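Enquirer: Here it is, the structure, as structure tokens.
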Amino acid sequence: MGQDRRIILWIILMVIIGSASVCTAKWIGQHTGEEPEDLIVEYMGHIKEKDYAAMYAMTDPESSSDIGRERYIERHSKIYEGMEVGDVTLRGIVAGEPEGGRVTVSYTTSFDTAAGAVTFKNQAVFVETEEGYRLSWQDSLIHPDLSAADRVQVSTLQAERGRILDRNGNALAGAGTASSVGIVPGRLADEADAYRQLAALLEMDEETIRERSKASWVKEDSFVPLATIPKIQELDLLSPRADEALQKEYARQEQLLAVPGVMLTDVEVRSYGAGAAAAHLIGYVQEVTAEDLEEHAGGGYSSGSVIGRTGMEGLFEEELKGKDGCEISILDKEGNTKTVLANVPKEDGQDIRLTIDCDLQQSLYEQFKEVRGCSVAMDPYTGEVLALVSTPSYDDNDLIKGISAEKWAALENDADRPLYNRFRQVWCPGSTLKPVVAAIGLKTGMLDPDEDFGNEGLAWQKDTSWGAYQVTTLQAYEPVVLRNALLYSDNIYFAKAALRIGADRMARELDAVGFDRELPFEIAMAASQYSNGDTIETEIQLADSGYGQGQILVNPLHLTCMYTAFLNGGNMIKPCLRYREGAAGEIWIREAFTAEVVSEVLEGMKSVVNDPGGTGYAAHRDDLILAGKTGTAELKATREDTTGTEIGWFAVFTAERSVDRPILLISMVEDVKDIGGSGYVVGKDKAVLDQYLASQ
């Protein structure tokens, strides 16, 4: 009996030990690598992967908020992706003692967001289940201050785009107001008829209007924007500048408002103060495209942002655009802010102040707006560019406030090419190059200013090797010396001068004054050239080059820079467009010519404007001395062609440093053949100078 008792006790002991071993094995299997401290790291790690389903699978539905799987995934997706959460880091993880099958883990969370870093302390509760520990999820796990009734809001704080100002502080680009045309679906009397009328008035497709009005976010009382158009008030029609186009636009808006359910509301847009007068210079902005967002990823752009497309808007985009701010907040069910999680203040764009004189820009545009051409104005001592005009032009405001497809097509197909920026191109300079050639001849010792080249009449050729080709000029005179050659713009004199200089020397000296070289300027300009190839190949080409024809092409701003040498002792001044207080002028090419050379040429250029026989005499003034040079360049298919066009030029400048408002102005018109030749340009520039210099 005693032995049997010992056997029974031994069996019971083995069962107890075995049971204990099984329990121990089960505990180790459940929690090895799955302790609450490890599980919270795993859980939060899924945020970066956007694997919210995996996060939900780690929760205990019985002890969690009653949210459901789909709602859980949707809420986490909106919050974390809305905040643009990046790396999630946990530190200071401490698990408390198990109590009633529950373990509380304390930790500190840090993660990056669109508004900067967010850091907070939090606690997670894990519940022991048959499958191991599961997370008891509550909204406060996202953030301690978040309840089930709250929401997380991510607000973009829109940066103000910087203004573009002229030298006097006038806004060439800045904030303006336009009208947004839209519909309120619940107020439409006849939906189909409204779509039809709007499509016609806004030049939109009816289906596009229908799709926008039926978008998922639209409610009966929603305002659905369709287009942006100019803001016009009745007072605008009384303005002296009101024209037929303005009247037509006003009538269109009256028709829009007559459609039941259509509304016009003010909207802030980019506005261009000089309009067409400076469109090629200032450019315009447009809303970013998907391609822009991809190209400028990380650049602070988002849907609805604008980006500079052309001109100064594009050139100074980085400084103008600023940096949007961002605020991430927890709002209660009434929409009140409970907690600001992160905040990055906006940084408004910088204002860009240009050297441009808006009044001068407008004046030049008004004079030349009907013809194909361009103008450059500069302070010849500081290099400050006072005006850059290309005509005809377009109104950059139309591209912001709404331009019809019909009007855009008209601009693109216009034979006068109003979208073409002419001041960036190169043109045959004609006689405006003669002062430069004269200076090269004197500098190289190939010309004596007092040598009489002899009166050849109105036509000349070097010898019979030129065949039938002759250089022609418009006026015979005596003596044929440098000053008179400039005064009467004698092609024969300068053809002879070029032959004396020689092709190699001419090419070398033109290179020395900036030909075939990038112009040091904020805007990229086409480089001037003296040949279509590498060299001046023939005597005839060389002779023609002497009076600015042949294969010579010059950018107007480069020509302006070359002319600055005549006022700065032979130094060519670097052009600039960014305004600086007290600008003193920076030398681009030092000693392009000697002081003696430019003094000699300058006297001849003074006679062009001040001698009654000069080709620029129509621009002379009694109150101050002007100097300059006219130019006419023939463009024809053959030497015998009589149907070609004539480019007209006038370069004129104040010849004394003591004037209050020094100016160097060069204008070019593509075809002056039947409107007075270069004299047409002289008359236009005179009107501009009279206005500009009157305020001295």
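Bear in mind these aren't lab numbers, they're just calculated from the coordinates by the rules spelled out. Note that this is a predicted model, so its numbers are computed, not measured. All Cβ positions, even for glycine, are placed from backbone atoms using ideal geometry, and neighbour counts span all protein chains on display.
Enquirer: Under the rule of -39500 (n - 2.57) per DSSP H run of 4 or more residues, summed and divided by the residues of the chain, what mean residue ellipticity at 222 nm is obtained, to the nearest 500 deg cm²/dmol? It would help to have the intermediate numbers written out before the result.
Expert: Values: 22 runs with 230 residues, N = 696.
Computed mean residue ellipticity for the chain: -10000 deg cm²/dmol.
Enquirer: Let me ask something additional. Counting Lys and Arg as +1 and Asp and Glu as -1, each charge on the Cβ, what is the dipole of the chain about the Cα centre in debye, to the nearest 20?
Expert: Details: 65 positive and 112 negative charges, 129 e Å.
Charge dipole, the chain, about its Cα centre: 620 debye, nearest 20.
Enquirer: Follow-up question, since we're still on this one. Which whole-number percent is the relative contact order of the range 164-353 (Cα, under 8 Å, 6+ apart)? Numbers along the way, then the final one.
Expert: On the way: 279 pairs, mean separation 44.9, N = 190.
Relative contact order, the range 164-353: 24 percent.
Enquirer: Calculate, for residue 625 and residue 264, the FRET efficiency according to 1/(1 + (r/R0)^6) with r their C-beta to C-beta distance and R0 56 Å; round to the nearest 0.05. Please list the in-between numbers first.
Expert: Working: r = 56 Å, r/R0 = 1.00.
Step by step, r from the Cβ atoms, then E = 0.50.
Enquirer: Which residue, chosen from 349, 385, 373, occupies the Cα position most advanced towards the positive end of the dipole of the range 275-413, where the dipole is computed from +1 (Lys, Arg) and -1 (Asp, Glu) charges on Cβ about the Cα centre?
Expert: Working it through, the farthest residue towards the positive pole turns out to be 349.
Enquirer: Another question, then. Rounded to the nearest 0.05, what FRET efficiency do residue 584 and residue 289 give with R0 = 56 Å and r taken as the Cβ-Cβ distance? Could you check? Mind dumping the intermediate values first?
Expert: Numbers: r = 43 Å, r/R0 = 0.77.
Calculated transfer efficiency: 0.85.
Enquirer: Loop only per DSSP, at most 11 neighbouring Cβ atoms within 10 Å: give me the GluC sites (Glu not before Pro) in the range 482-566, ordered by residue number.
Expert: Details: sites: 509, 518, 522, 537, 539; in loops: 518, 522, 537.
Answer in residue order: 518.
Enquirer: Turning to a different aspect of this structure: Defining a contact as two alpha carbons under 8 Å apart and six or more residues distant in sequence, what relative contact order in percent does the range 98-180 show? Mind dumping the intermediate values first?
Expert: On the way: 84 pairs, mean separation 13.3, N = 83.
The value is 16 percent.
Enquirer: For the cross-link pairs 496/574; 248/369; 443/673; 407/684; 369/629, which exceed 27 Å when the distance is taken from alpha carbon to alpha carbon? Show your work: numbers first, answer last.
Expert: Values: 496/574 32 Å; 248/369 22 Å; 443/673 34 Å; 407/684 29 Å; 369/629 22 Å.
Result: 496/574; 443/673; 407/684 exceed 27 Å.
Enquirer: Can you list residues whose amide H is under 5 Å from residue 342's amide H, if they're 5+ apart or on another chain and H is modeled 1.01 Å from N?
Expert: Here 328 satisfy the definition.
Enquirer: Moving on. Any idea what diffusion coefficient the range 164-353 gets from Stokes-Einstein, in µm²/s, Kirkwood Rh on alpha carbon pairs, 25 °C, 0.890 mPa s? Show your work: numbers first, answer last.
Expert: Numbers: Rh = 19.7 Å.
Result for D is 124 µm²/s.
Enquirer: Would you work out which of 399, 561, 595 lies farthest towards the positive end of the dipole of the chain? Charges go on Cβ: Lys and Arg +1, Asp and Glu -1.
Expert: Among 399, 561, 595, the one farthest towards the positive end of the dipole of the chain is 595.
Enquirer: For a test of the definition: using alpha carbon positions, the gyration tensor, and the 1.5 limit on a/c, classify the range 53-113 as rounded, prolate or oblate. Don't skip to the answer; put the middle values down first.
Expert: Numbers: a/c = 3.22, a/b = 1.17, b/c = 2.75.
Oblate, because a/c is 1.5 or more while a/b does not exceed b/c.
Enquirer: Compute the label zone of residue 222 within the range 146-190: residues whose backbone N is under 16 Å from the point 7 Å along Cα-to-Cβ.
Expert: Within reach of a label on residue 222: 182-188.
Enquirer: Quick one: putting +1 on the C-beta of Lys and Arg, -1 on the C-beta of Asp and Glu, what dipole do you get for the range 33-148 around its Cα centre, in Debye to the nearest 20?
Expert: It comes to approximately 440 debye.
Enquirer: Further question: Along the charge dipole of the chain, Cβ charges K/R +1 and D/E -1, which of 613, 94, 118 sits furthest on the positive end?
Expert: 94
Enquirer: Let me ask you something else. So which trypsin sites (Lys or Arg not before Pro) in the range 592-696 are both in a DSSP loop and have at most 10 other Cβ atoms within 10 Å of their Cβ? Mind dumping the intermediate values first?
Expert: Values: sites: 606, 621, 629, 636, 639, 657, 673, 684, 686; in loops: 621, 636, 639, 657, 673.
Answer in residue order: 657.
Enquirer: Applying the Karplus parametrisation 6.51 cos²θ - 1.76 cosθ + 1.60 with θ = phi - 60° to the phi angles of the range 266-282, what ³J(HN,Hα) value in whole Hz is obtained for each residue in order, glycine and proline being reported as x?
Expert: Taking θ as phi minus 60°, the curve returns 5, 9, 7, 9, 6, 10, 10, x, 8, x, 4, 5, 10, 4, 5, 7, 7 Hz for the range 266-282.
Enquirer: Among the lysines, which have Cα under 18 Å from the Cα of residue 50 when same-chain residues fewer than 8 positions away are ignored?
Expert: Of all the lysines, those that pass the test against residue 50 - Cα under 18 Å, at least 8 places apart if same chain - are 78.
Enquirer: So how do 64, 110 line up by other beta-carbon neighbours within 10 Å, fewest first? Let's see the in-between values first.
Expert: Numbers: 64 18, 110 13.
Taking fewest neighbouring Cβ atoms as first place, the list is 110, 64.
Enquirer: Run the simple label-point estimate for residue 462 and residue 318 please: 7 Å along Cα→C-beta, distance reported in nm.
Expert: With each label placed 7 Å out from Cα toward Cβ, I get 5.1 nm.
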